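The structure appears below as structure tokens.
The values are calculated or read from the model by the stated rules, or taken from the named source; none is laboratory data. Remember, it's a predicted structure, so these values are computed and weren't measured experimentally. Note that each Cβ is placed from the backbone with ideal geometry, even for glycine, and that neighbours are counted across all protein chains shown.
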Amino acid sequence: MSVTTVDAGFSAFKVKTDHNEFSFPTLVVIPYHQNVAEDGAKVYGFEGINYVIGDKTVKGQVLHERNFEYLLKFMPVFLARAIEESDIHPGSLTEVRIGIPYDDYRSRRGEMEERLKDFSVSGVRYHSTTGEIENDFAAPKTGYRFKLACLPQGIGAFLEYDAMVEPEKVEDGYLIDVGFNTCILQRFLDGKAQKSGSKQIDRYGLSVAMESIQKSIEAVFGKSPSIIKVCEAFRAGTYSFMGKKMDNFDEICKTAVRLHLADMLHELFDVRSKEFEQIQQLVIAGGGSYYVTKDLIPVDYRDMTVIVDPNTQPEFANVRGLHRL
């Protein structure tokens with residue numbers, strides 16, 4: 001049975017199959033013109049409205065929120081795009097694993113499972129079960145049927161790290177998964193992820209730095225772009241408004257990110273100092289680890305800290321690790 005794994009982040013929807021991996025922005029656009037096929041954008045009809053998924057170039061009402069309700073509402077259509085691009089044949093059996101925010105997994109996993117139990121996108125039916133798949137598991141030949149597993153983010157990043165290093169190098173410690181909106185502390189002991197001691201901290205992710213960059217842009221041009229546009233400019237390393245390029249934008253971005261990460265890490269180490277004093281290893285992972293350097297780590301913890309190699313595309317760590325299960 002094939003496996004498709006997704007990491008439902010608030011910035012990007014990461015996907016891994018048995019053959020490839022890809023991502024697209026976790027945003028929804030309601031196009032001003034409901035039929036935008038001539039613009040090359042794929043339209044997904046869902047619950048009576050046509051949407052474009054993950055395409056920022058389409059003119060329309062852009063929907064992008066950073067909460068579980070947003071993921072819950074649009075997960076069917078995000079998943080429809082992921083399955084479509086995974087080259088899964090309609091009518092075939094497959095397994096879909098979805099990584100959702102740690103706290104929401106613990107308290108609201110059942111809502112997500114119910115939301116994805118039976119839905120239709122663009123007239124195509126999707127039907128899932130969390131139990132064992134039977135041969136007569138109902139689904140039309142033109143639809144998709146899959147076994148669904150909702151899993152906590154953070155564990156995947158640890159499993160990926162565990163697979164990349166020699167077993168004796170995985171000690172008693174924490175993995176700090178720095179995402180866009182959240183920071184997840186994943187406790188591990190004797191090479192195994194632990195539920196006890198693991199925690200999600202909202203508003204610790206890179207979105208805080210993006211908001212700082214947003215204010216810098218507004219101070220220069222008198223107009224504040226959306227967070228989505230700020231993230232685009234951040235990745236590109238340049239920002240222009242009305243044909244005028246913002247001076248020193250790349251340096252402003254680097255400074256904002258480093259200041260936020262330094263503040264976040266120092267606050268994190270202060271708050272959890274008693275727990276961190278009892279461990280032998282700290283691992284910095286996730287998309288935010290691209291920008292972490294040892295000088296940002298409090299001096300007392302530098303020797304025990306491992307920063308995941310940025311050349312490994314650490315933003316895919318969660319989805320890769322969950323795919324290994």
Quick one: in the range 62-78, of everything that is in contact with a Phe, Trp or Tyr (Cβ under 7 Å, 6 or more places away or on another chain) and closer than 19 Å to ASN50 by Cα, which residue is surrounded by the fewest Cβ atoms within 10 Å (Cβ to Cβ)?
PRO76
Taking TYR32 as the residue in question, decide whether it is more than 30 Å from ARG324 (Cβ to Cβ), buried (at least 16 other Cβ atoms within 10 Å of the Cβ), assigned by TED's automatic domain parsing to the domain that holds ASP118 and in contact (Cβ under 8 Å) with a residue 24 or more places away in the chain.
no
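What residue, among those in the range 198-219 that are hydrophobic (A, V, I, L, M, F, W, C) and under 17 Å from HIS64 (Cα atoms), is modelled with the lowest pLDDT?
If we filter the range 198-219 for residues that are hydrophobic (A, V, I, L, M, F, W, C), which is where we start, we get 201, 206, 208-210, 213, 217, 219.
Within this subset, residues satisfying the condition of being under 17 Å from HIS64 (Cα atoms) are 206, 208, 210.
Values: LEU206: 86, VAL208: 90, MET210: 91.
Among those that are hydrophobic (A, V, I, L, M, F, W, C) and under 17 Å from HIS64 (Cα atoms), it is LEU206.
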Scan the range 297-325 and report the pairs whose first residue is over 19 Å from GLN281 (Cα atoms) and not assigned by TED's automatic domain parsing to the domain that holds MET164 and whose second residue is assigned to a strand (DSSP E or B) and of a type in the set (Ser, Thr, Tyr), with Cβ atoms within less than 6 Å and a gap of 6+ or a chain change.
VAL319/THR5; LEU322/THR5; HIS323/THR5
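Tell me the residue from LYS229, LYS244 that is at pLDDT below 90 and not acidic (Asp, Glu), please. Talk me through it step by step, then tell me what you get.
Numbers: LYS244 fails: at pLDDT below 90.
Exactly one of LYS229, LYS244 is at pLDDT below 90 and not acidic (Asp, Glu), namely LYS229.
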Could you check GLU251 against (1) surrounded by fewer than 19 Cβ atoms within 10 Å (Cβ to Cβ); (2) modelled with pLDDT of 85 or more; (3) within 21 Å of GLN186 (Cβ to Cβ) and say which number it fails?
(3)
Is it true that ALA256 is surrounded by 15 or more Cβ atoms within 10 Å (Cβ to Cβ), in contact (Cβ under 8 Å) with a residue 12 or more places away in the chain, in a helix (DSSP H, G or I) and in contact with a strand residue (DSSP E or B) (Cβ under 9 Å, 6 or more places away or on another chain)?
no
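Could you tell me whether the range 39-56 includes any residue that is on the phi > 0 side of the Ramachandran plot and under 22 Å from the mean Cα position of the chain (by Cα)? Don't jump to the end; show me each part of the working.
Let us first name the residues in the range 39-56 that are on the phi > 0 side of the Ramachandran plot, namely 40, 47-48, 54.
Those left that are additionally under 22 Å from the mean Cα position of the chain (by Cα): 54.
Checked the range 39-56: at least one residue is on the phi > 0 side of the Ramachandran plot and under 22 Å from the mean Cα position of the chain (by Cα).
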Please find, within the range 94-125, the residue that is surrounded by the most Cβ atoms within 10 Å (Cβ to Cβ) out of those that are hydrophobic (A, V, I, L, M, F, W, C) and not in a loop (DSSP other than H, G, I, E, B).
ILE98
Being crowded, with 24+ Cβ neighbours inside 10 Å, in a helix (DSSP H, G or I) and among the hydrophobic types (A, V, I, L, M, F, W, C) is the filter here; which residues of the range 156-208 pass it?
ALA157, PHE158
Could you look through the range 306-325, keep only residues that are surrounded by 20 or more Cβ atoms within 10 Å (Cβ to Cβ) and of a type outside the set (A, V, I, L, M, F, W, C), and pick out the one that is nearest to GLN153 (Cα to Cα)?
ASN318
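Got a number for residues in the range 284-296 being surrounded by fewer than 22 Cβ atoms within 10 Å (Cβ to Cβ) and in contact (Cβ under 8 Å) with a residue 12 or more places away in the chain?
Filtering the range 284-296 for residues surrounded by fewer than 22 Cβ atoms within 10 Å (Cβ to Cβ) gives 290-291, 293-296.
Adding the requirement that they be in contact (Cβ under 8 Å) with a residue 12 or more places away in the chain leaves 290-291, 293-294, 296.
Number satisfying all stated conditions: 5.
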Can you tell me which of GLY288, GLY222, GLY237 is at pLDDT below 90 and at positive phi?
GLY237
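Out of VAL52, VAL58, I need the residue that is in contact with a Pro (Cβ under 7 Å, 6 or more places away or on another chain), assigned to a loop (DSSP other than H, G, I, E, B), closer than 25 Å to LYS229 by Cβ and not basic (Lys, Arg). Which one?
Values: VAL52 fails: assigned to a loop (DSSP other than H, G, I, E, B).
Checking each option against the conditions leaves just VAL58.
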